[in-house]
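Asks: Sharing a structure with you now.
Just so it is clear, none of the values below were taken in a lab; they were calculated from the coordinates. Everything numeric in this text was worked out from a predicted model, so none of it was measured. Using ideal geometry, Cβ is built from the backbone for each residue, glycine included, and neighbour counts are taken over all protein chains shown.
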Amino acid sequence: MQTHQWRIAVSGARGDQCQRMRLGKIGAGGNAGQAKISREQAQQTALARVPGGSVKDAELEKEKGLLIWSFDIATPDSKNITEIAVNAITGGVVSLEHETPAQQAKGKD
């Protein structure tokens with residue numbers, strides 16, 4: 001069983017969850033200490049690619065052997081999510097993909 005540490009932001013007015021971020025695995029094998037780029041730095045890079053966007057989910061993970069910060073970014077004028085991966089060592093954008101609500105639902109399975 002894998003255990004992860006999460007940070008949840010909650011709206012003070014209504015108590016609704018407004019942001020969720022997986023911080024990484026707890027214990028041995030976690031990636032947080034390996035990242036040279038902070039979440040905040042990576043988030044600035046990601047948000048620069050999606051003007052007017054807001055981060056809905058973020059996590060530090062290894063993908064294809066590469067340590068990345070992965071961000072799901074929503075924009076007010078669309079139901080689509082932009083998923084951006086930022087290299088956690090160099091700070092460069094690794095990938096940028098757009099997901100429709102149908103693709104998002106399929107990815108949750």
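Asks: So, with +1 on the Cβ of K and R and -1 on the Cβ of D and E, and no other charges, what is the size of the charge dipole of region 32-107 about its Cα centre, to the nearest 20 debye?
Replies: 120 debye
Asks: Which one, 55, 105, 90, projects farthest toward the positive side of the charge dipole computed for region 32-107 from Cβ point charges (K/R +1, D/E -1)?
Replies: Final value for the positive-end residue is 90.
Asks: What are the equivalent ellipsoid semi-axes of region 32-107, built from the alpha-carbon gyration tensor (square roots of five times its eigenvalues), in whole angstrom, biggest first?
Replies: Semi-axes from the Cα gyration tensor: 21, 14, 9 Å.
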